[in-house]
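Some notes on the structure that comes next.
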Amino acid sequence: MARLSLLIDVTKCSGCYNCFLACRDEYYGNDYGSYSAPQPLDGQFWMQIKEIERGRYPKPKVDYIPTPCMHCETAPCVDVAADEAVYRRADGIVLIDPKKAKGQKAIVNSCPYRVVFWNAELEIPQKCTLCAHRLDEGAKEPRCVEACPTGALVFGDLDDPDSEIAKLSAALNVESYHPEYDTAPLVKYVGIPKRFAAGEVVRRDVPGECAEGVRIALEANGVKLETRSDSYGDFEFEGLEKNTAYRVRVELEGYEPQVFDIFTQTDVNLGEIVLNPLS
Ligand code: SF4
Ligand code: SF4
């Protein structure tokens, strides 16, 4: 048995769209028989890049989440398909049989990740195949992985303990995208954006200069994080849980400490924090 999959590191994705373009190049107008029918010119994104904007000026962020089919182990698309038109191979790849799936639009609507697309001309549902046709011919990885310049996409067999994907999955804090869908996706992620809290520190008695090296501690529910302001006086805590209360303490020797209670319903910018010298 094998479980072929992708590990996607969102923190390494620059949003260059190379993976999307490589996928289009592989599938647009190309017929791979029982693996996949030709992809049409418009409206299909087998490797989507979701842009997530977070925070607000002056602390905005953009993250990119590459989103292919998740090759779920309990896949609603398999369940809804008649005549076994969608099936899971022994290596974990979920495929749509273009002939058997003709007319089965319900397959598009069954996917909670919205990664199945309807080909109106051929009247078939279509999606990412993990380049199964290439893998079966001996290719080492899908086209998207080959095209990624940053190493954000890692392909391999999760059941092979010597594979890079298995080692990374064991070492890193991997998670599913939208675990609430409850489909046991084989595709896993690192660094899915959560909430961040940021701010900048200055000293009242040193106007015009940033306060570097100020200790910032964040605490809640047993979580204790600590950082120091950088040479611009800026600090940031990333990966905070959503809708959670945290206490932030700002301390510098010789100055009055400051405490802030924040709630991560949204990302939090504490703005400019002015430290007053101890009298
Ligand atoms: S992501 Fe959607 S299309 Fe892919 S296996 Fe899961 S349910 Fe099926
Ligand atoms: S090729 Fe790599 S870096 Fe570029 S968008 Fe795709 S995953 Fe991100």
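No lab work stands behind these numbers, since they all come straight from the coordinates. The structure displayed is predicted, hence computed values, not measured ones. Note: ideal-geometry Cβ built from the backbone for every residue, glycine included; neighbour counts use all protein chains shown.
Compute a Gaussian network model of the chain, connecting alpha carbons closer than 10 Å, and tell me which residue from G254, G43, G156 fluctuates the most.
Judging by the Gaussian network model, the answer is G254.
Can you classify the range 162-212 as rounded, prolate or oblate using the Cα gyration tensor, where a ≥ b ≥ c are the square roots of its eigenvalues, rounded means a/c under 1.5, and otherwise it's prolate if a/b beats b/c and oblate if not? Write down the numbers at each step before the final one.
Working: a/c = 7.49, a/b = 2.59, b/c = 2.89.
Oblate.
Most fluctuating residue of V214, V145, V80 in a GNM of the chain with Cα springs under 10 Å: which is it?
It is V214.
For the range 165-279, would you read off the P(r) tail past 22 Å as a percentage of all alpha carbon pairs? Walk me through the intermediate numbers first.
Numbers: 2970 of 6555 pairs.
When all Cα pairs of the range 165-279 are counted, 45 percent exceed 22 Å.
So what are the ³J(HN,Hα) numbers for the range 33-49, from phi and the Karplus equation (6.51, -1.76, 1.60; θ = phi - 60°), rounded to whole Hz, Gly and Pro as x?
The phi angles translate into x, 6, 6, 6, 7, x, 7, x, 5, 10, x, 10, 9, 5, 10, 8, 10 Hz.
With +1 on each Lys and Arg Cβ and -1 on each Asp and Glu Cβ, how big is the dipole of the range 115-208 about its Cα centre, in debye rounded to the nearest 20? Show your work: numbers first, answer last.
Numbers: 10 positive and 16 negative charges, 129 e Å.
For this selection, approximately 620 debye.
When ranked by the protection proxy of mean other Cβ atoms within 10 Å per residue, highest first, what sequence do the peptides 184-194, 10-20 form?
Peptide ranking by packing, descending: 184-194, 10-20.
Per DSSP H run of n ≥ 4, the term is -39500 (n - 2.57); total these for the chain, divide by its residue number, and report the mean residue ellipticity at 222 nm rounded to 500 deg cm²/dmol.
It lands at -3000 deg cm²/dmol.
In what order do W118, W46 fall by count of nearby beta-carbon atoms within 10 Å, going from fewest to most? Write down the numbers at each step before the final one.
On the way: W118 18, W46 25.
Listing W118, W46 from fewest to most nearby Cβ atoms yields W118, W46.
Expressed as an acute angle from 0 to 90° and rounded to the nearest 10, what is the orientation of the C-alpha long axis of helix 18-27 relative to the principal long axis of the chain?
Compared with the principal axis, the helix lies near 10 degrees.
What's the local net charge at N173, with K and R +1, D and E -1, over the other residues with C-beta under 12 Å away? Present the calculation step by step, with values, prior to reporting the outcome.
Numbers: positive: K188, K194; negative: D9, E175.
Value of the local net charge: 0.
Among N173, G233, N119, flag the residue with its Cα farthest along the positive direction of the charge dipole of the chain, charges on Cβ as +1 for Lys/Arg and -1 for Asp/Glu.
N119
Taking the Cα centre of the range 1-91 as the origin, how large is its charge dipole in debye, to the nearest 20, when only Lys and Arg (+1) and Asp and Glu (-1) carry charge on their Cβ atoms? Let's see the in-between values first.
On the way: 10 positive and 13 negative charges, 131 e Å.
My answer is approximately 640 debye.
Given the pairs K167/K188; K100/K127; K59/K224; K12/K194, which span a C-alpha to C-alpha distance of over 18 angstrom in this model? Intermediate values should be presented prior to the final figure.
On the way: K167/K188 13 Å; K100/K127 15 Å; K59/K224 23 Å; K12/K194 16 Å.
Beyond 18 Å between Cα atoms: K59/K224.
Tell me which of P40, A211, N30 sits at the most positive position along the dipole axis of the chain, charges placed on C-beta atoms (Lys, Arg +1; Asp, Glu -1).
Value computed over the given set: P40.
Any idea what the dipole of the chain comes to, in debye rounded to 20, about its Cα centre with Lys/Arg Cβ at +1 and Asp/Glu Cβ at -1? Show your work: numbers first, answer last.
Values: 31 positive and 45 negative charges, 96 e Å.
Using Cβ point charges on Lys, Arg, Asp and Glu, the chain gives about 460 debye.
Rounded to whole Å and ordered largest first, report the semi-axes of the equivalent ellipsoid of the range 1-84 derived from its Cα gyration tensor (root of 5λ).
On the way: eigenvalues 171, 65, 33 Å².
With the √(5λ) rule applied to the range 1-84, the semi-axes are 29, 18, 13 Å.
Which ordering of T67, T244 is given by a fewest-first count of other beta-carbon atoms within 10 Å? It would help to have the intermediate numbers written out before the result.
Working: T67 21, T244 15.
Fewest-to-most Cβ neighbours within 10 Å comes out as T244, T67.
Sticking to Cα atoms, compute the Rg of the chain to one decimal and its Dmax as the biggest Cα-Cα distance, whole number, in Å.
In Å, with Rg to one decimal and Dmax whole: 23.5, 81.
What order do you get for E256, E146 when you list them from fewest to most C-beta neighbours inside 10 Å? Could the numbers behind the result be given before it?
Details: E256 13, E146 17.
If I rank by nearby Cβ atoms, fewest first, I get E256, E146.
What does the net charge come to around A90 if you take all other residues with beta carbon closer than 15 Å to its beta carbon, with K and R at +1 and D and E at -1? Present the calculation step by step, with values, prior to reporting the outcome.
Values: positive: R3, R88, R89; negative: E73, E84, D91, D136, D157, D159, D160.
That works out to -4.
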